[in-house]
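The next block holds one structure in the form of C-alpha cells; read it before the comments.
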Amino acid sequence: MNTNKVSKLQALSFCLAPLLAVSVCGIFQQASVGKDKSQGEKKIVSESKIYSFKAKTLDGKDLSFDNYKDKVMLIVNTASQCGFTPQYTGLEELHKKFAERGLAVMGFPCNQFGAQEPGNSSEIGAFCKKNYGVDFQMFEKIDVNGKDAHPLYKYLTGEAPGVLGSEAIKWNFTKFLVDRKGNVVKRYPPNTKPEDISKDIEKLL
C-alpha cells in the first residue's frame with residue numbers, strides 16, 4: 001500500500017478515536033442516568049402507595065393509613081379458631097414493647113382459611129380482648145386473596161411474594177413488616193412466631 005495512504009489512514013484513525021470514545025461514554029452515561037431515575041421513581045411509588053389505603057376498624061370507623069406515616073407497621077391476617085391463634089399473645093407483647101418507639105401492630109381478621117373466623121366485628125373484638133388482652137389496632141374482617149381481596153393486601157402480596165414467587169396468602173397469621181417510609185421489608189409465614197420478628201423490628205425503629 002502507498003505510504004502516503006497509510007499515513008493518512010493512521011491520522012484519520014487518531015482523529016476519530018477520541019470522538020468515538022466520547023460517544024460511547026455518553027451512551028453509557030445516559031443509560032446509567034436513565035436507570036437511576038427509573039429506580040428513584042419506583043422507590044417514590046413504594047414509599048407513598050401504602051399510605052393511600054384505608055380500612056374500617058372493628059367499630060366501623062374508616063382509618064386512613066396516612067395516620068401511620070413514620071411508623072413501622074406489622075400487618076397480620078388473623079383468625080379466632082386457628083392453631084396459630086395463640087400468636088395474639090406474642091403480637092400484643094410486641095405492641096406493648098415497641099408501640100412507644102413507633103411500632104403499629106395491625107390485625108386483619110379473615111375467614112378465607114378453613115372458615116376459622118366466623119364471628120362478626122363485635123364477637124371478634126370481645127374474643128381478642130377477653131382471651132389475649134389485645135390492645136393493638138384491629139380491623140373489620142376482610143378477604144386477603146381473590147377478586148374481593150382488600151386493596152392493601154393486593155399491594156402487600158405484590159410487593160413481598162411468598163415461596164416460589166406466589167403472591168397468595170397461604171394461611172392465617174401471615175405477617176408483613178413495613179418500614180417508616182412505607183416500604184414492605186419482609187413477609188413472614190404463619191409459623192413464624194411474633195417474638196422471632198423482634199430483632200427485625202428493632203432494626204427499623
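The values are calculated or read from the model by the stated rules, or taken from the named source; none is laboratory data. Just so you know, these numbers come straight off a predicted model, no measurement behind them. Note: ideal-geometry Cβ built from the backbone for every residue, glycine included; neighbour counts use all protein chains shown.
So in region 44-70, with the set limited to residues that are modelled with pLDDT under 95 and hydrophobic (A, V, I, L, M, F, W, C), which one is farthest from the chain's Cα centre (by Cα)?
Once the filter is applied, the top-ranked residue is ILE44.
Mind listing whichever residues of region 163-192 are outside any strand (DSSP E or B), more than 9 Å from the chain's Cα centre (by Cα) and under 20 Å from LEU91 (Cβ atoms)?
Answer for region 163-192, where residues must be outside any strand (DSSP E or B), more than 9 Å from the chain's Cα centre (by Cα) and under 20 Å from LEU91 (Cβ atoms): ILE169, LYS170, TRP171, ASN172, PHE173, THR174, ARG180, PRO189, PRO190, ASN191, THR192.
What are the pairs, 6+ residues apart or on separate chains, where a residue within region 133-150 that is in contact (Cβ under 8 Å) with a residue 24 or more places away in the chain and more than 19 Å from VAL105 (Cα to Cα) has its Cβ under 8 Å from a residue that is part of a loop (DSSP other than H, G, I, E, B) and of a type in the set (Val, Ile, Thr)?
That search, which allows pairs on different chains as well, returns ASN145/ILE169.
Just need a number here: residues in region 87-108 that are farther than 14 Å from MET138 by Cβ, in a helix (DSSP H, G or I) and aliphatic (A, V, I, L, M).
The total comes to 2.
Picking from LYS141, LYS129, which residue would you name as being within 14 Å of ASP59 (Cβ to Cβ) and in a loop (DSSP other than H, G, I, E, B)?
Every option except LYS141 fails the conditions.
Would you mention how many residues in region 190-201 are free of Cβ contacts under 8 Å to residues at least 60 places away in the same chain and exposed (fewer than 14 other Cβ atoms within 10 Å of the Cβ)?
Looking only at that region, the number is 2.
All but one of (1) hydrophobic (A, V, I, L, M, F, W, C); (2) farther than 17 Å from TYR51 by Cα; (3) under 19 Å from the mean Cα position of the chain (by Cα) hold for LEU103; which doesn't?
Condition (2) is where LEU103 drops out.
Residues of region 56-86 being assigned to a loop (DSSP other than H, G, I, E, B) and among the small types (Gly, Ala, Ser), which ones?
GLY60, ALA79, SER80, GLY83 - these are the residues of region 56-86 that are assigned to a loop (DSSP other than H, G, I, E, B) and among the small types (Gly, Ala, Ser).
Results for (1) at pLDDT 95 or above; (2) surrounded by fewer than 10 Cβ atoms within 10 Å (Cβ to Cβ); (3) not aromatic (Phe, Trp, Tyr), shown as yes or no for each residue.
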site	(1), (2), (3)
ASN2	no, yes, yes
VAL6	no, no, yes
GLN30	no, no, yes
SER38	no, no, yes
LEU94	yes, no, yes
GLU100	yes, yes, yes
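I'd like the residue in region 156-173 that is surrounded by 19 or more Cβ atoms within 10 Å (Cβ to Cβ), touching a residue at least 60 places away in the same chain (Cβ under 8 Å) and of a type outside the set (A, V, I, L, M) and, out of all such residues, is nearest to LYS97 (Cα to Cα).
PHE173
Can you confirm whether region 137-153 contains a residue that is crowded, with 18+ Cβ neighbours inside 10 Å, basic (Lys, Arg) and modelled with pLDDT of 95 or more?
Yes.
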